[in-house]
Amino acid sequence: MESPQPCALHNRRVLELADGASAYCGKLLADMGADVIKIEPPGGSASRSHPPFWEAGPVAEMSVEFLYLNTGKRSVVLDLDSAAGQERFRELARSADLVVEAQPPGHLEARGLGFESLREENPRLVLASITGFGQTGPHRDHLSSDLVASAMGGAMKVIGDPEDPPVRLAGAQADICSSACAAAASLVALRHADRSGRGQHVDVSMQEVVTAFSSICGVGRWLEDGIIQNRAGTGLSASVPSRAYPCRDGSIYLMVNRPAHWKALAQWIHEVTGNEEVLLDIFDGPSSSRLPYRDLLDIFIEDLTRQLDPLSAYHEGQRRHIAFTPANTASSVIEDEHLKARDFFVEAEVTAGNPLRVPGAPYRHSETPWRVQGPAPGVGEHDAEDFSRPVREPSWPADPGAAGQGALAGLRVVEFGAGMAVPWLGRFMAWCGAEVIKVESRAYPDVTRLYVPPREPELGIQPQLSPWFTDWNAGKRFVSLDLRQPEAVALCERLIGRSDAVIANYSTGVLDKLGLGYETLSAANPELVMLSSNGYGNSGPHASHVTWGPNIEALSGLSTLSGFPHRDCTMTHFAYPDPLCALHGLFALMCALEHRARGGGGQYIDLSQFETTLASIGHVVTQRFANGREPERLGNRSRHAAPHGCFPCQGEDRWCVIAVENDAQWQAFCQALKQPGWEQDARFASLEARLDHADELDALISEWSAERVDYEVMELLQAARVPAGVVQHTEDLLERDPQHAARGFLEKIPHVKKGTVIASGVPLGLTETPGRTAHAGEAIGQDNEYVFRELLGLSEAEWSEATERGAIERDGN
């Protein structure tokens, strides 16, 4: 029997003190080979009893969510309120590399288990904390949850329809994305700990993660146009046309974000409907050109789509290189032909001897592949095991000067990126101290360069002024090459030969056609790690299909699983799969770099954004495999907490979320509202009763909250120790949020043309190697001379010849 390939993190030990969806951090680590020991309280983690349950499972009330999020871990029960439990935890921490915890700030310190205390006995230890608001600031002790973080971070304001209350995403995505951020940040911190000999506390604030991943609608944009983005249905303000369009027997999602894609769509509409007006050149160019005509273009497009069924629209649209995608349900996505061809769904032994089909790898490493390492553990199943462990040698070469450097100092990364998914990953690495060199072309500029200032449209396209270009590209170096010329390709190969990693999200096959595919590059640089991130991955029948982040929301089923029961499709207005995949991409890349540091060599990583997004809602999709039914669309409600929703407040479109998670909080809630009758009402006397009478309870709360200011509602309930948060928008985040202000999260960055700009910060939470963004607003080719003259050593004659031929494109806008 052939032995399995090595796991990237097989030499890492992790202690996990996290429950619910925050256990996703430990899952990511375990699936890449880390030994994850789940520390559970007496009786086991609360999420073990969270419905829905696996109805055909080997025992009653086996939580589908718990099974999916905890495969491959070991379980040890410890009472951390006892001296014996605390000593046992300290013993385990002495041989661990990483502790991941999602307890309230101060919880571990109060038990003598704070970071400084643990580091005294294990100097390289990294402690990653996932909390609602972080370890510092005036809201540090506010209670939070997925719902509260989604509201306070600004995401809920721009999810769903204007006729509905703001709504969160399915599958607790604030928790999931924060967990992915913590996993990536932990590997960055571990790399630095190995090099410097010193661990650090990783302080991940869920609010900051949410503000960062919704940055398309964020502060940078608001400062440019003064428009507070709101819920607008399935259409996106930054992309015209875009939305879910009706077909025969269903609907289809469309997003047009490139001038060429619009021309292809207009031609198709003309061919099918005979419409001549759609071919007018007033609609050509970037999305901003079509913005005044959105409603008219929607009519033209419906004239086309109403003549087609969804699959015909999908396949013919993609044949024409237009980003049409179906809005899948869980039932349809598990039958997707592309996923079947890539063997995405896997049969996993989720409990001993009991397999269940689940979503598979969020990324595919060529040398250290993802795999489910074993079943989810029983409560305390590994209590009696011997956890002694020999002293582990660091994975990274020791560097005495590393303690004063950025966490990724010494790494050089070449980026072929457009949009957000890979550029945001590049910005994170630059913020951490890596040298990130973005390769651009004047003939095919990044879509975020096609920016027309909304207050000065007469200026036309201004490639350096885009707030999105700042959000996702600040801190990098920029070169401009015409890769249609062999000389430019050769220069690129030389640059990559002196680099550690390549990150790319070009369409499948583009780099290979240019002679810059992984096989070619790794032949010259065997240590190279290359990550390719695109919609469908680099194999399978749909590998060449066109997608953007919103298409992936529809394709993965996220858009049909999210939202209220009466809405068939609920979209974000911030292309959620893009930041989600950037965080997973950083984690995947750090895994590969760790393997390389142990002498394993380079490798290729194929990240399909379709598959990564499905993995992030895997605990929801697995319900379909477990019980044979489409998962229920919950809106803001919860199966294990009530009341749990978004309630109107004084003012136009002002809201506050409330998440009562247990009976003690319910009692405190009633007392804070001065409603003792609610506490004694039989309809609300227990969680089960409150769930059964949720409509009546929500109506009563809405009547109360509508007469009050949102921030006053939040402060009243937080003072009573009830999780609550205002549904904040971008202006709130910049001008009214004391937590962001105290933690300096919104970053002020020097800008080449504007002097200073404000952008969403990087939420990695590295407390001892805090990153910084040194500059923004660079022109295409701004750093040509540094890269090609200083770094690659081109002579004056070689430089002149390459620029005269246009292989190196000259500096400028």
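No value in this document is a laboratory result; all are computed from the given coordinates. In this text, all values refer to a predicted model and were calculated from it rather than measured experimentally. Cβ: placed from backbone, ideal geometry, glycine included. Neighbour counts: every protein chain shown.
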**Request:** Could you rank the peptides 709-720, 181-192 by their average count of other C-beta atoms within 10 Å per residue, with the highest value first?
**Result:** 181-192, 709-720
**Prompt:** Regarding the stretch 28-186, what is the average projected area of its C-alpha convex hull, in nm²?
**Reply:** 11.8
**Message:** Name the residue from V202, T572, A719 whose Cα lies farthest towards the positive end of the charge dipole of the chain, charges +1 on Cβ of Lys and Arg and -1 on Cβ of Asp and Glu.
**Reply:** V202
**Complete:** Of the residues H775, L528, A797, the Cα lying farthest along the dipole of the chain towards its positive end, which is defined by charges on the beta carbon of Lys, Arg, Asp and Glu, belongs to A797
**Item:** Residue-span extension gain [E798 to E630] - 0.36 nm each, minus C-alpha spacing
**Value:** 54.2 nm
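So if each residue of separation counts as 0.36 nm, and I subtract the Cα-Cα distance between R810 and E163, what length gain in nm does that give?
Stretched out fully, the R810 to E163 stretch lengthens by 227.9 nm.
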**Prompt:** For the stretch 544-591 and the stretch 515-536, what is the separation of their C-alpha centers, rounded to whole Å?
**Reply:** 25
**Item:** In order through the stretch 730-743: 3J(HN,Hα) via Karplus (6.51 cos²θ - 1.76 cosθ + 1.60), integer Hz, x for Gly, Pro
**Value:** 4, 5, 4, 4, 7, 10, 10, 9, x, 5, 4, 5, 5, 8
**Asked** So, in nm, how far is label E337 from label D281 when the simple model puts each one 7 Å beyond its Cα toward the Cβ?
**Response** 4.0
**At least 20 Å along the helix axis (C-alpha) and Kyte average at least 0.0, DSSP helices within the chain** = 173-196, 577-595
**Request:** Return the whole-Å distance between the Cα centroid of the stretch 718-753 and the Cα centroid of the stretch 182-198.
**Result:** 27
**Fill in**
Residues other than H729 with Cβ under 13 Å of its Cβ, Lys/Arg counted +1 and Asp/Glu -1, net out at -2
**Prompt:** When only C-alpha pairs under 8 Å and at least 6 residues apart count, what is the relative contact order of the chain, in percent?
**Reply:** 18
**Prompt:** How big is the antiparallel share of DSSP beta bridges in the stretch 1-139, given as a percent to the nearest 5?
**Reply:** 5
**Complete:** D31 neighbourhood, Cβ < 11 Å, K/R = +1, D/E = -1, net charge +3
**Asked** How far is the Cα center of the stretch 621-676 from the Cα center of the stretch 298-359, in Å?
**Response** 31
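Taking the Cα centre of the chain as origin, sum charge times position over the Cβ atoms of Lys and Arg (+1) and Asp and Glu (-1), and report the length of that vector in debye to the nearest 20.
Here the size comes out at about 1180 debye.
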**Item:** Sum of side-chain charges, L118 neighbourhood, beta-carbon under 9 Å (Lys, Arg +1; Asp, Glu -1)
**Value:** 0
**Prompt:** Between I461 and E109, what FRET efficiency follows from the Cβ-Cβ distance if R0 is 56 Å, with the result rounded to 0.05?
**Reply:** 0.60
**Prompt:** Taking the chain, how many lysine pairs are there with alpha carbons less than 25 Å apart, if each pair must be eight or more places apart or span two chains?
**Reply:** 14
**Using distinct alpha-carbon pairs, which all enter the 1/r mean, Kirkwood radius of the chain in Å** = 27.2
**Prompt:** Out of the DSSP beta bridges found with both residues in the chain, what percent are antiparallel (nearest 5)?
**Reply:** 45
